[in-house]
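These notes are about the structure you will find just below.
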Amino acid sequence: MTRFLKKGKPKEEIKQVDEQVSETVKSILADIEQRGDAAVRELSVKFDKWEPASFRLSRFEIDDILESVPQSTLDDIKFAQTQVRRFAEKQREALRDVEVETIPGVVLGHRNIPVNSVGCYIPGGRYPMVASAHMSVLTAKVAGVKRVVACTPPINGQIPAATIAAMVLAGADEIYVLGGVQAIGAMALGTETIAPVDMLVGPGNAFVAEAKRQLYGRVGIDLFAGPTEILVIADETADAEMVACDLLGQSEHGPTSPAALITTSEQLAVDTLAEIEKQLKTLETADVARQAWENNGIIILVDSLEEAVTEADKLAYEHVEVLTKEPRYFLEHLTNYGALFLGPETNVAYGDKVIGTNHILPTKGAARYTGGLWVGKFLKTCTYQQCTPEASAFVGEYAARLCDLENFAGHREQALLRVRRYGKAAATSR
C-alpha cells in the first residue's frame, strides 16, 4: 500500500503562477515581433541593465574573452565536451538512412536531414549553466546543423566568460550576450540584426520555458520544460546522507523544483527527513533549497519494488536516481523518466555537467511521451519514393479504388492518369 509521508504544494497554486507568467510572455513576444531590435534593446535594459553597442560578440571580443579564462577552466570544459561529443557521435551513428524495394519497381526510403538553423539558450543568473552549451550547441553541431546561434545573459552587467568559452569550443556560429524572453523572441521571430532560426533548444526559467511554448509551431523546440525534478528510489541498503544530499542537490535549482523519495524503508524515510534538516544548516544554497523542499518535496512509502515502479512511472520525473540493492531492475521495468542514474556511484550532477549524456530533459510529466535532447532531435526524418512505369501502373489501380472509398475524386484521377499512361507503356514494352 502506498503512503505519502510528505506532500508538496497543491496544483491549483502552481497553475495560478503559470497563468501570470503566460500573460507577461505573450506581451513581450508581441512587442518583439512588432518593434524588433528596439524592443529587444529596451527589454535588455529593463531586465538585465545591459545595453552594449552590439549584442553579438565579434571575433575580437571572443578572442579577448577566451584569453581571460584560466587554462584549467578551459581544460575542464574540453574534458566535459569530449564526453558529450563521444556519446552524441555514437547516437548519430545509430541513425541510418533507409532505402528499400518494397515490391518490384517501388523504392521507398528516408533520409535524416539536419535542421538548418538552431537557437540555443544558455541560462545565467545565480547559476551560469556553462554545461548547457555542451548539451545544446555541441549536440546540434554533431547532428550537422549548419547555423547554431547561442544566447546567454550578462551576469551583474558582466559577460560570463566561462559560458562564452564553452559556446566557442562547442562550435557556435553566432554568440549573443542577451537573456530571457528577449533572447528567445529575437532568435525565433528575427529582428533587423538577428536572422530567425528554425528551432529553439535549451533550459531556462519559467519565462523562457513559456516563451518557447508560445512560439512552438512557428519554430520547433526541444521539449516543454519546467522546473528541474529529481526522484530517488531507495531501499534499506541506501543511506540517508546520500539520499538527502542528492535531493537537496537538485532542490537548489529554484524554489519550485520538485524532489521526491520513493522507498520501501520507513526508517530510511525518517532518517532522510532528519538528514535534510541537518544538511540545510550548512548548505550554501539553503535559502533556495529549503523553500523548494518544503513546498515541493514528496516522500512516498511503498511495500515493494513493483509498487515503486508504479509510483515512479506516475511521477514521470526528469532525473531518477536508483539507490537499491539491484538498480538495474529499474532499468528493465521503468518506462517514464528523463534520465536514469543507476547505483550510488553515479548521480544527477554527473549527468548535468560532465559524464556525456544530455542534461536537457523532459519535466512536468513529459517523460510519459518524450525523451530528452539528443542528436535525433535536430534531425528531420524525411521520406521519399520512386516507381518504375510498370510499378506505377500496378500501384495506381489500388490507389484509385482506395481514393474512391474516401470520395477523393482528384486523388483518384492522379492515380488513374498513371494507370492510363504507364499501363500502356508497360504493355507495349512486354
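The values are calculated or read from the model by the stated rules, or taken from the named source; none is laboratory data. Note that the structure is a prediction, hence the values are computed from the model and not measured. Every residue, glycine among them, receives a Cβ derived from its backbone with ideal geometry; neighbour counts consider all protein chains shown. Remember, those area values only see protein heavy atoms, side chains included, never the ligands or the DNA or RNA. Shrake-Rupley method; radii C 1.70, N 1.55, O 1.52, S 1.80 Å.
Before moving on, here are some points about what is shown:
- Qualifying positions in the stretch 43-55 - in contact with an Asp or Glu (Cβ under 8 Å, 6 or more places away or on another chain) and open to solvent by 100 Å² or more (accessible area, probe 1.4 Å): none
- Within the stretch 344-366, tally of residues that are closer than 16 Å to Ala209 by Cα, open to solvent by less than 70 Å² (accessible area, probe 1.4 Å) and not polar (S, T, N, Q): 6
For (1) within 27 Å of the chain's Cα centre (by Cα); (2) open to solvent by less than 20 Å² (accessible area, probe 1.4 Å); (3) in contact (Cβ under 8 Å) with a residue 24 or more places away in the chain, each residue gets a yes or a no:
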position	(1), (2), (3)
Thr272	no, yes, yes
Gln279	no, no, yes
Glu284	no, no, no
Gln291	yes, no, yes
Ile298	yes, no, yes
Glu307	no, no, yes
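- Strands (runs of 3 or more DSSP E) within the stretch 141-251 that include 1 or more residues within 18 Å of the chain's Cα centre (by Cα) and either in contact (Cβ under 8 Å) with a residue 24 or more places away in the chain or within 22 Å of Leu361 (Cβ to Cβ) (or both): 147-152, 199-201, 230-234
- When each of Leu305, Leu323, Leu331, Leu315 is tested for being closer than 19 Å to Ala259 by Cα and out of contact with any Pro (no Cβ under 8 Å at 6 or more places or on another chain), the lone residue that passes is Leu315.
- Condition broken by Thr264, with the remaining ones in (1) touching a Leu at 6+ places or on another chain (Cβ under 8 Å); (2) open to solvent by less than 20 Å² (accessible area, probe 1.4 Å); (3) closer than 19 Å to Ala234 by Cα satisfied: (2)
- Helices (runs of 4 or more DSSP H) completely within the stretch 319-430 that count 2 or more residues being among the small types (Gly, Ala, Ser), more than 22 Å from the chain's Cα centre (by Cα) and modelled with pLDDT of 95 or more: 389-405, 409-429
- Among residues of the stretch 77-116, those that are outside any strand (DSSP E or B), in contact (Cβ under 8 Å) with a residue 60 or more places away in the chain, touching a strand residue (DSSP E or B) at 6+ places or on another chain (Cβ under 9 Å) and open to solvent by 40 Å² or more (accessible area, probe 1.4 Å), counted: 3
- Sole exception among (1) within 23 Å of Ala38 (Cα to Cα); (2) within 20 Å of the chain's Cα centre (by Cα) for Met135, by number: (1)
- Residue check for Ala274: over 30 Å from Cys120 (Cα atoms), among the small types (Gly, Ala, Ser) and not in a loop (DSSP other than H, G, I, E, B): yes
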